[in-house]
């Protein structure tokens, strides 16, 4: 029986004690604890890593604090368009969705794509038709409406600005807080899984797609190496192939999980101008919560009795 490990993230960026009230921080603390508890309980019962990842992400999608599912931000047109992806490491099966609307848990639809569609990626109306066929739970526009997200959008909807989750004040572009959610896990059989879900950028245009649903950029799992879920400025993560790059450094250069994550996040991404972070596990149950921003909402737990929840850069 392998060491079981679950790691989750709720976004990275300008996450500091200075911009968190005690109440705000407590809300994120509880949300991370809830997500971790749901997924880890499944692993402890002997369920698969793919199921644990799905459940942990769905828990965060249901919480409006995160820019995924219910808390998804508004596009230029004033609607919520979401992306999600999931991948398992044994057979490299994967499923992703982009630009979906009115799907309560996009990660659940991504898993259906992996298991039922015969394809890897579905988008827009086609993904909606598939969701209806598979009876994936829907939700009305009202479910996704949160005043906080709406007010963010109203402030910049008549400009060419776009925001990564939320900004500071007076249209200073953004406060660099990337609210994407993700989870990675290794189960008792040593199988890896990774998943990521996001609402993208406030005021995004032209059907913009970030790194979250793109395998090798924001999400990747391979039993030979690791499982990765990223959060950050997606354009940089796509161009740098961040998730797959970590895996390649392990597979072809023999780096440890820690060495590979540090090489990509603290060297390659920084040189490239990219900001954000990632969570990772390997088949031995090692984990990394790696970021080059001021903070990252993150948590982990393993069968050695280690666990932790953190937000800031300590």
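Read-outs throughout are calculated quantities, based only on the coordinates presented, and are distinct from any laboratory measurement. Remember, predicted model here, so these are calculated numbers, not experimental data. Note that we place each Cβ from the backbone using ideal geometry, even for glycine, and neighbour counts take in every protein chain shown.
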Response to the item:
From DSSP H assignment alone, runs of 4+ in the chain each adding -39500 (n - 2.57), the sum over residues rounded to the nearest 500 puts [θ] at 222 nm at -9000 deg cm²/dmol
Practice prompt. Just check the stretch 86-155 against the gyration tensor rule for me: Cα atoms, a ≥ b ≥ c as the square roots of the eigenvalues, rounded for a/c under 1.5, and otherwise prolate or oblate depending on whether a/b exceeds b/c.
Written response: prolate
Worksheet item: Which residue, 248, 226, 261, tops the fluctuation ranking in a GNM of the chain built on C-alpha contacts under 10 Å?
Response: 248
Worksheet item: How far apart, in nm, are two points set 7 Å out from the Cα along the Cα-to-Cβ line at residue 271 and at residue 224?
Response: 2.4
Practice prompt. For the chain, set up a Gaussian network in which alpha carbons nearer than 10 Å are linked by springs, and say which option among 304, 34, 83 fluctuates the most.
Written response: 304
Worksheet item: Each label point is 7 Å from the Cα along the Cα-to-Cβ direction; what then is the distance between the points at residue 235 and residue 286, in nm?
Response: 3.5
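Grab the beta carbon distance between residue 18 and residue 79, set R0 = 41 Å, and tell me the FRET efficiency rounded to 0.05.
After rounding, the FRET efficiency stands at 0.80.
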Worksheet item: Modelled label-to-label distance, residue 259 and residue 129, 7 Å Cα→beta-carbon offset: nm?
Response: 4.9
Response to the item:
By the C-alpha gyration tensor axes a ≥ b ≥ c (rounded if a/c is under 1.5, else prolate when a/b exceeds b/c, else oblate), the shape of the stretch 215-257 is prolate
Worksheet item: Relative contact order, percent, of the stretch 5-294 when contacts are C-alpha pairs under 8 Å separated by at least 6 residues?
Response: 22
Worksheet item: Among 206, 237, 130, which one moves the most in a GNM of the chain with springs linking Cα atoms closer than 10 Å?
Response: 206
Worksheet item: Okay, which of the stretch 261-282 sit inside 13 Å, backbone N to the point 7 Å along the Cα-Cβ direction of residue 306?
Response: 280-282
Discussion item. Just to confirm my numbers, what's the Cα centroid distance between the stretch 266-314 and the stretch 33-108 in Å?
Written reply: 18
Practice prompt. Mind computing the radius of gyration and Dmax over the alpha-carbon atoms of the stretch 192-233? Å is fine for both.
Written response: 11.8, 39
Worksheet item: What order, most packed first, do the peptides 104-112, 252-260 have when packing is the mean number of other Cβ atoms within 10 Å of each residue?
Response: 104-112, 252-260
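For the chain, give the share of DSSP beta bridges that are antiparallel, in percent and rounded to the nearest 5; count only bridges with both residues there.
Antiparallel: roughly 95 percent of the beta bridges in the chain.
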Response to the item:
Quick note, the stretch 252-295: a/c under 1.5 would make it rounded; otherwise a/b > b/c is prolate and the rest oblate (a ≥ b ≥ c, C-alpha gyration tensor); here it is oblate
